[in-house]
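J.: Would you mind keeping the following structure in view while I ask a few things?
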Amino acid sequence: RSKFAGQRDDRAGLELPRATPQEREVEKHQARLREILEAAAAWFEAQLKTPAGRAAHTYLIGRGLTPETIARFRLGFAPGHGALRKAMLQAGASDALLAEAGLAKPGESGPRDASYDRVMFPITDRRGRVIGVGGRSLMDERTHHGAYLGGEGADRVALPDAAHAVLLAAQPGAPRSR
């Protein structure tokens, strides 16, 4: 919302609309989901640099990505085994918010990480805010086909505004396809 919402625009003689209490509550909730998704994206990035992320990093380098590209696109690693959930709960998230953000799902013995043993990438909106995560499995490709998992949580935040890597592509000097 504009910081000018509810004020009068004297040039046009129009009253700018005020957010309703319900709209403010929805925006507050979406902002909290984005905070959790941003924290998760940063956590995935950090995991790629750990011994547990070594195979994922080797995979990315083997696919021709440079360390600069990995950093620029904020690629990370999801180790699984409840590690993300534990870190996010310690940071103040709840299981309900983690599930709503697509970061956790029900398991036989309670909530569990939604992604494990995957290279992870954030899905951002046009403003560069993380609105979801996607990932590519590192499991045995004969049985799992290296499947992509995409958009976890994004539909709950602002998927219509998603602009996957558009911010980077729209920057001056970015390569253009013809």
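The values are calculated or read from the model by the stated rules, or taken from the named source; none is laboratory data. Treat the numbers as computed from the prediction; the structure is a model and nothing was measured. All Cβ positions, even for glycine, are placed from backbone atoms using ideal geometry, and neighbour counts span all protein chains on display. Ligands, DNA and RNA are excluded from the accessible area calculation, which covers all protein heavy atoms including side chains. Shrake-Rupley method; radii C 1.70, N 1.55, O 1.52, S 1.80 Å.
J.: Counting only heavy atoms of protein chains, what accessible area per residue, in Å², does region 41-81 have with a probe of 1.4 Å? Each step should come with its number before you reach the end.
T.: Values: 2350 Å² over 41 residues.
So region 41-81 comes to 57 Å² accessible per residue, rounded to a whole number.
J.: What are the ³J(HN,Hα) couplings of region 100-113, residue after residue, when phi is run through the Karplus curve with 6.51, -1.76, 1.60 and θ = phi - 60°? Round to Hz, x for glycine and proline.
T.: 5, 7, x, 9, 9, 9, x, x, 4, 10, x, x, 9, 4
J.: Pop the C-beta distance of Thr50 and Leu14 into the FRET formula with R0 = 41 Å and round what comes out to the nearest 0.05. Walk me through the intermediate numbers first.
T.: On the way: r = 54 Å, r/R0 = 1.32.
Once the sixth-power term is evaluated, E becomes 0.15.
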